[in-house]
Each structure stands twice: as structure tokens, then as C-alpha cells.
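Chemist: Here's a structure for you.
No lab work stands behind these numbers, since they all come straight from the coordinates. Since we're looking at a predicted model, the values are computed, not measured. Note: ideal-geometry Cβ built from the backbone for every residue, glycine included; neighbour counts use all protein chains shown.
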Amino acid sequence: MPARSLQLLCCAIFCLLLLGSSALRAVEPKEVLADPALETRARNLSKELRCMVCQNQSIDDSEAPLAHDLRVLVRERLQAGDSDQEVISFLVARYGEFVLLRPQFAWHTAVLWGLPPAALLIGIVAIAFVVRRRRPPASEAANLSAAEEARLTELLRDG
């Protein structure tokens with residue numbers, strides 16, 4: 001097999017492995033509900049809830065034992081007939097708003113939501129201020145005396 005073909009084959013296998021691994025989740029087969037509609041709701045809710053151990057992963061992606069317990073709890077609540085909002089409210093009451101990957105907008109989370117746009121705005125204003133200070137005023141560059149113009153012409157001819 002030529003070297004080029006071997007490289008292409010290895011690249012294709014690597015790409016397939018990458019694509020295949022993205023479908024893997026931490027949800028264990030024994031957690032999966034028999035009812036596909038309930039399982040879909042459980043997976044959607046699991047993607048919205050933070051793993052309290054990993055903190056930047058959803059419980060759907062986390063392999064931590066606490067995430068497993070929370071996934072089981074979500075499924076139990078759904079099987080008991082709770083709505084999605086009731087499950088979320090139950091978990092927020094039990095663990096606080098930190099359990100939500102996307103906290104709700106409220107007065108006490110306004111800084112969390114407002115800080116990124118404010119930082120962006122401050123950055124844009126700072127950049128505009130620096131650019132404006134570096135640019136010489138147009139009136140100074142355009143008004144040269146006769147002696148300055150003669151010197152400039154001389155310098156440009158020599159250079």
C-alpha cells in the first residue's frame with residue numbers, strides 16, 4: 001500500500017473515531033427509561049442541570065456519582081408525573097440555583113448577565129479612546145509653513 005493511501009486511511013479512521021466519540025454520554029443503560037418520550041424529556045433536563053462535582057458539565061455529560069444520582073432523581077420525578085418545570089423547581093429548592101447551567105435572570109443575577117456586555121462596551125470605548133489619542137489632528141498636518149514645505153520637499157528628493 002503506498003504511503004499516501006496509508007495516510008488517508010489513518011486520517012479517515014481518526015475522523016470516524018472523533019465523530020463516534022461525540023455521541024458517547026455518561027448516561028448508563030440501566031438509567032434509560034422504557035418510555036421514549038419520558039427519556040427524551042429526562043435527557044433534555046439533564047443537559048440543563050449542572051453537575052455539582054464537575055461544575056462546568058451537565059449531569060448528562062458527567063460520570064460523577066452525584067451526577068448519576070441526579071439523573072436517576074430526574075427520571076424518578078418524571079415517572080411520578082412531575083412537569084419539567086416542577087423537576088427544575090424541586091432541584092433548585094434542594095440544591096440552589098447553582099444547579100442550573102443557565103441561571104434565570106433576576107435582580108441577584110443581574111451582574112452575572114450584565115458583566116460580559118459591560119466589559120465588551122468598556123473595551124470598545126477604551127480602544128476608541130486610544131486610537132483617537134494616537135491620531136494627529138488634521139489641522140496640524142495640513143498647515144505647513146513655506147520653510148517646512150521646502151524642507152519636506154528636499155528630504156523627499158534626497159530619500
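Chemist: For A80 and C54, FRET efficiency with R0 = 25 Å and r from the beta-carbon atoms, rounded to 0.05?
Modeler: 0.40
Chemist: How many angstrom lie between the C-alpha centres of the range 45-67 and the range 68-108?
Modeler: Here the two parts' Cα centres lie 12 Å apart.
Chemist: If R0 is 30 Å, what FRET efficiency do you get for L38 and L112 from their C-beta distance, rounded to 0.05?
Modeler: 0.40
Chemist: Moving on. Output needed for the range 26-104: three equivalent-ellipsoid semi-axes, defined as square roots of 5 times the C-alpha gyration tensor eigenvalues, in descending order, whole Å.
Modeler: 18, 15, 10
Chemist: Once phi is turned into θ = phi - 60°, what whole-Hz ³J(HN,Hα) does the Karplus curve with 6.51, -1.76 and 1.60 give for every residue of the range 118-130, x standing for Gly and Pro?
Modeler: 5, 5, 5, 5, 4, x, 5, 5, 5, 5, 4, 5, 5
Chemist: Between F98 and V130, 0.36 nm times their residue separation minus their Cα-Cα distance comes to what?
Modeler: My answer for the length gained is 7.6 nm.
Chemist: Let me ask something else about it. Would you grab the residues whose amide H sits under 5 Å from the one on L101? Only those 5+ places off in sequence or on another chain, please, with H modelled 1.01 Å from N.
Modeler: Those lying under 5 Å, H to H, from L101 are L49, R50.
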